[in-house]
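Asks: Structure provided below as structure tokens; questions to follow.
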Amino acid sequence: MVKKESTRQAFTARLIAACESAGIVGHGRNKQVARALQQLGCKISTPGVWKWFNAQSIPDDNNLLALSRLLGVRVEWLQYGMEKPAASLSLDSLNAQRNVFRIESLDIGQKSASGLHTRDEFVETIHAIEYGVDEARVLFNGRPAENIRLIAINSDSMVETFAPRDQLFVDISVKIFDGDGIYIFTLDNQVYLKRLQLQHKKIAVISDNKRYETWYLNREDVDSMQVVAKVILSQARHYQILG
């Protein structure tokens, strides 16, 4: 029993190391891996992947083979720790092989990645979207897919710019205020989607819906604020039902 437990723990350690090397990290990792494996033809659920990351189980041979392909490591190393892992294969590299540019959803759900309540600001309506590589290069100005996430707004606070249910494309590599723009950020255990604008020594927090008042961040607030992402693009959600 102890040996089986130690075997599962050793596998989990290798799995986590391989994921980190491939850039698959943070909240939503279980779902990200499950979806990628499903695209490779595997029958695996997000709870099933969770068990792998928590030393509850080890994948069967088919899933191990697909997992090793996804992470760019030798299956012998992943399963038994034999030999050194090969150079990792990032999700961008995997997508390049399929000639697609795949954008995953920003996994906020009921709470943010840091466990903060989102105040019903967002809703997950689309799990992922794929573009042709050439189109995406122009659309996202050369940003890599691993830096971009997709989330739908579920609030009227930015209604002059975004309508409720519109899709937002955000750059998660932006972790600080880097100039005027629309950001997702956390402050005092809350998550916000607001326009931030530098005004002399303060930053104005603006809701494009004029029914909401503008408020301001002082230096102390800015120091405690954590930027989750910066909005780079939006897509209106408008359906025309025919027939």
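The values are calculated or read from the model by the stated rules, or taken from the named source; none is laboratory data. Every value quoted in this text rests on a predicted model; they were computed, and no experiment measured them. All Cβ positions, even for glycine, are placed from backbone atoms using ideal geometry, and neighbour counts span all protein chains on display. Areas reflect the complete protein model, heavy atoms only, side chains present, ligands, DNA and RNA absent. Shrake-Rupley method; radii C 1.70, N 1.55, O 1.52, S 1.80 Å.
Asks: Working only within region 222-234, note down all residues that are of a type in the set (S, T, N, Q) and exposed (fewer than 15 other Cβ atoms within 10 Å of the Cβ).
Replies: Taking region 222-234 as the starting set, the residues that turn out to be of a type in the set (S, T, N, Q) are 224, 226, 234.
Passing the criteria: 224, 226.
Listed here are the residues, each with its yes/no results for (1) charged (D, E, K, R); (2) part of a strand (DSSP E or B).
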{"residue": "197", "(1), (2)": "no, yes"}
{"residue": "223", "(1), (2)": "yes, no"}
{"residue": "230", "(1), (2)": "yes, yes"}
{"residue": "238", "(1), (2)": "no, no"}
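Asks: Residue pairs, Cβ under 7 Å, 6 or more apart or interchain, first in region 68-79 and crowded, with 21+ Cβ neighbours inside 10 Å, second assigned to a helix (DSSP H, G or I) and of a type in the set (Gly, Ala, Ser). List them.
Replies: 70/36; 71/18; 73/18; 78/18; 78/68
Asks: Among the residues of region 1-38, how many are out of contact with any Leu (no Cβ under 9 Å at 6 or more places or on another chain), open to solvent by 30 Å² or more (accessible area, probe 1.4 Å) and assigned to a helix (DSSP H, G or I)?
Replies: Looking only at that region, the number is 18.
Asks: Now for a different question. Taking region 199-221, which residues are surrounded by fewer than 16 Cβ atoms within 10 Å (Cβ to Cβ) and not in a strand (DSSP E or B)?
Replies: Hits for region 199-221 are 200, 201, 208, 209, 210, 211, 213, 214, 218, 219, 220, 221.
Asks: Which residues, taken from region 25-55, are more than 13 Å from residue 67 (Cβ to Cβ), among the hydrophobic types (A, V, I, L, M, F, W, C) and under 20 Å from the mean Cα position of the chain (by Cα)?
Replies: 25, 50
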